[in-house]
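The values are calculated or read from the model by the stated rules, or taken from the named source; none is laboratory data. Since this is a predicted model, take the numbers as computed values, not measurements. Positions of Cβ are generated from backbone atoms using ideal geometry, with glycine treated the same way; all protein chains shown enter the neighbour counts. Heads up: the accessible areas ignore ligands, DNA and RNA and are worked out on the full protein's heavy atoms, side chains in. Shrake-Rupley method; radii C 1.70, N 1.55, O 1.52, S 1.80 Å.
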Amino acid sequence: MSSPPRGEITAQLEPVVAEAVSRMGFDLEELGVQQAGRRRLVKVVIDSDDGVGLDDISGVSREVSKVLDEHEHVLAGSYTLEVTSPGVDRPLTRPRHWRRARYRLVKVRLVGGEKVVARVGAADDDGVTVLVGGDLRRLAYRDVERAVVEVEFQQPPAEDLVKLERAAGGVPPQGDDREDTEESR
């Protein structure tokens, strides 16, 4: 008995895997099925606003495994399941990705070719407020060609965080920005 093509397998499994992942309180970011020798490798990438821990991976893995066992006819054979969280190099392609990257530094390439490095502020369904070179700027998602989180090895400047909070309405705009920094205490 031959199995359906890989893309068709993914299309058949995606709704049931997404439902299982959702029941556990996570978003299905990616589902991939590929041949790995005599077995299939089923890769499930999950995320949430609160992040993903090892216990979360284990719980989701058990739930997805049950679902895959119920749909073993789609896989047509044995499989290896890999459940993981997205890496920092994952492109920011959905509003929820931008919300989860709040206060992080991102590298953005805009549709017109302009490249900026910005700190992420408040995000909604249409766009995001970013801090570029000390100035607040609104980016519509439709104008973003590609965006990825930059790895930082130190805390973001407190002044940047204050500006972004004020832009989101989280801190009343009063006095010098420095009064809210750790250094001034």
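Looking only at segment 138-164, count how many residues are open to solvent by 90 Å² or more (accessible area, probe 1.4 Å) and closer than 22 Å to L110 by Cα.
4
Consider segment 107-137. How many of its residues are closer than 20 Å to L161 by Cα, surrounded by fewer than 20 Cβ atoms within 10 Å (Cβ to Cβ) and not small (G, A, S)?
8
Taking segment 16-58, which residues are open to solvent by 50 Å² or more (accessible area, probe 1.4 Å), more than 19 Å from H97 (Cβ to Cβ), in contact with an Asp or Glu (Cβ under 9 Å, 6 or more places away or on another chain) and outside any helix (DSSP H, G or I)?
M24
Does any residue in segment 27-51 that is without any contact (Cβ under 8 Å) to a residue 24 or more places away in the chain come within less than 6 Å, Cβ to Cβ, of a residue that is in a strand (DSSP E or B) and surrounded by 12 or more Cβ atoms within 10 Å (Cβ to Cβ) six or more places away or on a different chain, and which pairs are these?
Sorted first by the residue in segment 27-51, then by its partner, the pairs are L31/V44; G32/K43.
How many of the residues in segment 59-83 are open to solvent by less than 40 Å² (accessible area, probe 1.4 Å) and either of a type in the set (S, T, N, Q) or in a helix (DSSP H, G or I) (or both)?
Selection size over segment 59-83: 9.
Under 7 Å between Cβ atoms, at least 6 apart or on separate chains: pull out the pairs that start in segment 149-163 with a residue that is in contact (Cβ under 8 Å) with a residue 24 or more places away in the chain and end on any residue that is in a loop (DSSP other than H, G, I, E, B) and loosely packed, with under 13 Cβ neighbours inside 10 Å.
Pairs that qualify, where the first residue is in contact (Cβ under 8 Å) with a residue 24 or more places away in the chain and the partner is in a loop (DSSP other than H, G, I, E, B) and loosely packed, with under 13 Cβ neighbours inside 10 Å, are V149/V88; V151/V88.
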